[in-house]
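Throughout, read-outs are computed from the coordinates displayed, never taken from laboratory work. What you see is a predicted model; the values in this text were computed from it and never measured. We place every Cβ from the backbone using ideal geometry, glycine too, and count neighbours over all the protein chains shown.
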Ligand SMILES: [Fe+2]
Ligand SMILES: [Fe+2]
């Protein structure tokens with residue numbers, strides 16, 4: 001990701017480096033903000049499909065609840081772009097495209113199957129873990145850049161992502177147990 005120095009012969013002074021470091025971090029901050037902005041908007045399109053596909057009502061409700069939270073998270077990102085004086089714009093993120101593609105594959109291949117919900121949960125948790133990683137990084141960088149208000153907004157979203165991840169873990173146990181029961185009944 002780091003840009004190669006244009007002139008290899010240019011002298012590096014320690015003071016020059018010190019002046020460059022904050023600029024590089026703010027650039028990274030903005031790029032990563034665009035990445036997660038794209039990801040959140042992709043998730044807004046994906047969650048309703050997952051809610052519709054889910055066999056379990058509880059799982060569908062969890063996806064719908066997180067859809068509403070995600071809409072609020074995009075608004076927080078809008079606020080941060082505003083603080084930076086930059087337009088709110090996403091940058092295509094291959095990581096989230098890959099994760100959501102896998103989810104789409106599960107929905108297709110396990111349609112109406114007892115294991116569908118377990119697959120949906122696994123896909124949703126992969127999304128949450130990606131977001132947790134990104135928001136943790138962004139929150140830390142905002143603090144380092146002295147952007148306390150942005151750091152608070154990012155922390156609020158990080159809390160929601162972590163709470164969602166925990167809720168999905170709890171659902172996973174009940175959903176998988178139910179499906180195991182179903183499989184046992186079908187085999188009997
Ligand atoms: Fe999110
Ligand atoms: Fe999320």
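How many residues are within 19 Å of residue 62 (Cβ to Cβ) and away from ligand 2 (no atom under 16 Å from the Cβ) if we restrict to the stretch 115-148?
Of the residues in that region, 5 qualify.
Yes or no, residue by residue, for (1) closer than 28 Å to residue 85 by Cβ; (2) without any contact (Cβ under 8 Å) to a residue 12 or more places away in the chain; (3) in a helix (DSSP H, G or I); (4) within 11 Å of ligand 1 (Cβ to nearest atom):
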| residue | (1), (2), (3), (4) |
| --- | --- |
| 130 | yes, no, yes, yes |
| 133 | yes, yes, yes, no |
| 138 | yes, no, yes, no |
| 141 | yes, no, yes, no |
| 149 | yes, no, yes, no |
| 153 | yes, no, yes, no |
| 157 | yes, no, yes, yes |
| 160 | yes, no, yes, yes |
| 163 | no, yes, yes, no |
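Somewhere in the stretch 110-119, is a residue part of a helix (DSSP H, G or I), more than 23 Å from residue 170 (Cα to Cα) and away from ligand 1 (no atom under 14 Å from the Cβ)? Steps first, answer last, please.
Step one: filter the stretch 110-119 for residues part of a helix (DSSP H, G or I), giving 116-119.
With the extra rule that they be more than 23 Å from residue 170 (Cα to Cα), the set shrinks to none.
Scanning the stretch 110-119 turns up no residue that is part of a helix (DSSP H, G or I), more than 23 Å from residue 170 (Cα to Cα) and away from ligand 1 (no atom under 14 Å from the Cβ).
Being farther than 24 Å from residue 86 by Cβ and assigned to a helix (DSSP H, G or I), is that true of even one residue in the stretch 25-36?
No, there is no match, as no residue in the stretch 25-36 is farther than 24 Å from residue 86 by Cβ and assigned to a helix (DSSP H, G or I).
What do you reckon, is residue 104 over 24 Å from residue 59 (Cα atoms), without any contact (Cβ under 8 Å) to a residue 60 or more places away in the chain, more than 16 Å from ligand 2 (Cβ to nearest atom) and out of contact with any strand residue (DSSP E or B) (no Cβ under 7 Å at 6 or more places or on another chain)? Explain how you work it out, then say what you get.
Values: over 24 Å from residue 59 (Cα atoms): no; without any contact (Cβ under 8 Å) to a residue 60 or more places away in the chain: yes; more than 16 Å from ligand 2 (Cβ to nearest atom): yes; out of contact with any strand residue (DSSP E or B) (no Cβ under 7 Å at 6 or more places or on another chain): yes.
Taking the combined requirement at face value, the residue does not satisfy it.
Give me the pairs, please: first residue somewhere in the stretch 65-76 and closer than 11 Å to residue 156 by Cβ, second residue anywhere and buried (at least 16 other Cβ atoms within 10 Å of the Cβ), beta-carbon distance under 7 Å, and either six or more positions apart or on two chains.
Matching pairs, first to second residue: 69/160; 73/40; 73/157; 73/160; 76/153; 76/157.
With the structure loaded, tell me whether residue 43 is closer than 30 Å to residue 146 by Cα, more than 16 Å from ligand 2 (Cβ to nearest atom) and crowded, with 18+ Cβ neighbours inside 10 Å or whether it fails that test. Spell out how you get there, then give the answer.
Numbers: closer than 30 Å to residue 146 by Cα: yes; more than 16 Å from ligand 2 (Cβ to nearest atom): no; crowded, with 18+ Cβ neighbours inside 10 Å: yes.
No.
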